[in-house]
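Each reported figure results from applying straightforward, stated rules to the coordinates on display, with no laboratory input. Everything quoted here is computed from the prediction, not taken from an experiment.
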Amino acid sequence: MTWIFAYGSLMGDNAMRYYSGGGARLNGYRRAFNHASIRRWGTPEHPCPILGLSPGGDCHGVAFDIPQPDERDVRRKIERREGQEEFERKRVQIERNGDGTTKAMVWVTKRRVVGRGLWPEDTAELVPFFRAAHGSVGNGVEYIRTLIHAMERWQIHDAMVESLWEALKPYSNPKG
């Protein structure tokens, strides 16, 4: 059995839908919009800010229990999805809600990416970037809606993501 810690859109990704999961916390890292999606959620002309992990604080997410026979396949899917230019896989200690600590794999922002000032820190200043982004799987507003749905499902709160969603909600066009 292998644990994978998800903190962003991976919490609701199809690659994880068959596996049991539960709330967990990773100490020493925080969510940050420090990546640019130029394929999935944006383009080179209009990249979409996406989440990564930066040092400092703590991050609530989901620990998924991956059976050993599936680990290699799941890891490959995640690495293909996340890309390897900006993310690196690490083994970290996480606290699983009510079940103690365990080692887990997580994809964190590579050091050369942290602090390069790609996106404004103020979430209100990010709104135009999300509105302009349109990629192969959706647009920037849909990316944030995907995050919000995954966070609601797992009862995770993040003030930064929630305030950004409040600013973007008027521009969403939910299906159904």
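For the reader, a short list of remarks on this structure follows.
- Angle in degrees between helix 68-82 and the longest Cα principal axis of the chain, rounded to the nearest 10: 20
- Whole-number D in µm² s⁻¹ for segment 13-129, Kirkwood Cα-pair radius fed into Stokes-Einstein, 20 °C, 1.002 mPa s: 138
- Percent antiparallel among DSSP beta bridges (both partners in the chain, rounded to 5): 95
- Amide H within-cut-off set for THR2, under 5 Å, with H built and near neighbours excluded: ILE66, GLN68
- Shape category assigned to segment 16-68 from the gyration tensor of Cα positions, a/c cut at 1.5: oblate
- Tally of Lys pairs whose C-alpha atoms are under 28 Å apart, taken over segment 30-175, 8 or more apart or cross-chain: 6
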